Amino acid sequence: MKEQGEKIAMLTAYDYTTAKIIDAAEIDMILVGDSAANVMAGQETTLPITLDHIIYHTQCVCRGVSRAFVVADMPFGSYQISPEDALKNAIRIMKETPAQAIKLEGGSTMVDTIQKITNAGIPVMGHLGLTPQSIHQLGSYALIAKEQDEASILLEEAKMLEKAGCFSLIVEKIPSQLGQTISEQVSIPVVGIGAGNGCDGQVLVFHDMIGLNPEFKPKFVKRYADLYSQISSGVSQYIQEVKDASFPSDKESY
Ligand code: KIV
């Protein structure tokens with residue numbers, strides 16, 4: 001798709017029903033993201049999600065998918081200890097789910113790990129820029145690589161990840177110009193989130209783009225629907241109709 005100049009559309013999913021809808025709508029790629037920790041489990045950060053949780057969510061998603069390419073996120077702690085430990089955990093994902101690839105966060109420090117996993121025949125998607133699993137080290141979710149020297153390091157890291165064997169990269173919350181430069185200077189597809197229009201594709205968290213999470217309003221999220229309001233008014237109407245005994249009517253009764 002990159003070679004043909006066709007942009008790649010990617011969304012997160014964590015459950016069967018959502019995966020079925022977005023797969024039928026012809027999404028190209030689905031990420032079973034560790035953002036499940038936030039939007040599914042209500043955690044403050046992505047750190048608490050476990051490998052067992054990701055495997056469970058990936059199994060649920062894959063049951064709803066017949067055409068999209070599914071990537072499972074490696075959770076915090078499942079790949080940082082050693083390349084051997086990372087490979088063992090990546091193999092668990094590939095054995096226990098039908099996902100086609102795994103994703104992990106980090107740059108130069110992840111090169112050996114990426115080589116180890118790709119050498120075993122497992123496709124790896126890299127993740128650079130804002131890497132939420134390092135939130136306590138970063139200190140905030142602010143824009144990454146605003147300065148020229150930081151941008152140059154990030155570009156070099158993207159090249160390193162390509163050389164290490166990544167089939168694709170996510171770049172998160174970086175200036176648009178840098179997103180474009182990285183996309184132009186590596187041959188693998190670069191999928192952006194808050195990284196501008198020059199990337200080879202875009203990814204968003206499903207719950208954000210569908211308006212299920214109205215209090216979360218970063219600049220890079222566009223709302224394509226307002227499901228929070230629709231669900232809320234449907235539930236209010238249901239409550240009202242149960243209370244006034246207009247539901248169930250004869251139509252819904254045997
Ligand atoms: O877990 C996730 O949803 C992600 C995206 C933000 C890229 O990593």
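Looking only at the range 1-44, which residues are assigned to a helix (DSSP H, G or I) and more than 16 Å from the ligand (Cβ to nearest atom)? Walk me through how you get there before you give the answer.
If we filter the range 1-44 for residues that are assigned to a helix (DSSP H, G or I), which is where we start, we get 16-24, 36-39.
Of everything in the range 1-44, those that are assigned to a helix (DSSP H, G or I) and more than 16 Å from the ligand (Cβ to nearest atom) turn out to be Y16, T17, K20, I21, D23, A24.
Just so you know, in the range 195-232 the residues that are β-branched (V, I, T) and surrounded by 13 or more Cβ atoms within 10 Å (Cβ to Cβ) include one that is nearest to F167 (Cα to Cα), and it is V203. Residues in the range 118-139 that are within 16 Å of the ligand (Cβ to nearest atom) and either free of Cβ contacts under 8 Å to residues at least 40 places away in the same chain or not in a loop (DSSP other than H, G, I, E, B) (or both): V124, M125, G126, H127, L128, G129, P132, Q133, S134, I135, L138. Would you confirm whether any residue within the range 5-19 is in contact with an Asp or Glu (Cβ under 9 Å, 6 or more places away or on another chain), touching a residue at least 60 places away in the same chain (Cβ under 8 Å), closer than 26 Å to G196 by Cα and surrounded by fewer than 18 Cβ atoms within 10 Å (Cβ to Cβ)? Yes, the conditions are met somewhere in the range 5-19.
Of everything in the range 1-15, what is more than 13 Å from the chain's Cα centre (by Cα) and closer than 16 Å to D34 by Cα? Give them in sequence order.
Step one: filter the range 1-15 for residues more than 13 Å from the chain's Cα centre (by Cα), giving 1-8, 15.
Within the range 1-15, just D15 meets the criteria.
Residues considered: L161, L169. Of these, the only one that is touching a strand residue (DSSP E or B) at 6+ places or on another chain (Cβ under 8 Å) and in a strand (DSSP E or B) is L169.
Scan the range 54-100 for residues that are in a helix (DSSP H, G or I) and of a type in the set (F, W, Y) and report the count. Even if it seems obvious, please write down each step before you answer.
Initial filter on the range 54-100 (in a helix (DSSP H, G or I)): 54-63, 83-96.
After this cut, where a residue has to be of a type in the set (F, W, Y) as well, the list is 56.
Of the residues in that region, 1 qualify.
Quickly run through the range 16-61 and pick out the residues that are over 23 Å from K217 (Cα atoms) and of a type in the set (D, E, K, R). K20, D23, E26, D28, D52 - these are the residues of the range 16-61 that are over 23 Å from K217 (Cα atoms) and of a type in the set (D, E, K, R).
Among the residues of the range 225-254, those that are of a type in the set (G, A, S) and closer than 27 Å to H207 by Cβ comprise A225, S229, S232, S233, G234, S236.
Does L47 qualify as being among the aliphatic types (A, V, I, L, M), within 15 Å of the ligand (Cβ to nearest atom) and assigned by TED's automatic domain parsing to the domain that holds L128? Considered against the rule, which asks whether it is among the aliphatic types (A, V, I, L, M), within 15 Å of the ligand (Cβ to nearest atom) and assigned by TED's automatic domain parsing to the domain that holds L128, L47 comes out as yes.
The values are calculated or read from the model by the stated rules, or taken from the named source; none is laboratory data. Note that the coordinates shown come from a computational prediction; the quantities given were computed from them, not determined experimentally. Neighbour counts are summed over all protein chains in view; Cβ atoms, including those assigned to glycine, are modelled from backbone coordinates with ideal geometry.
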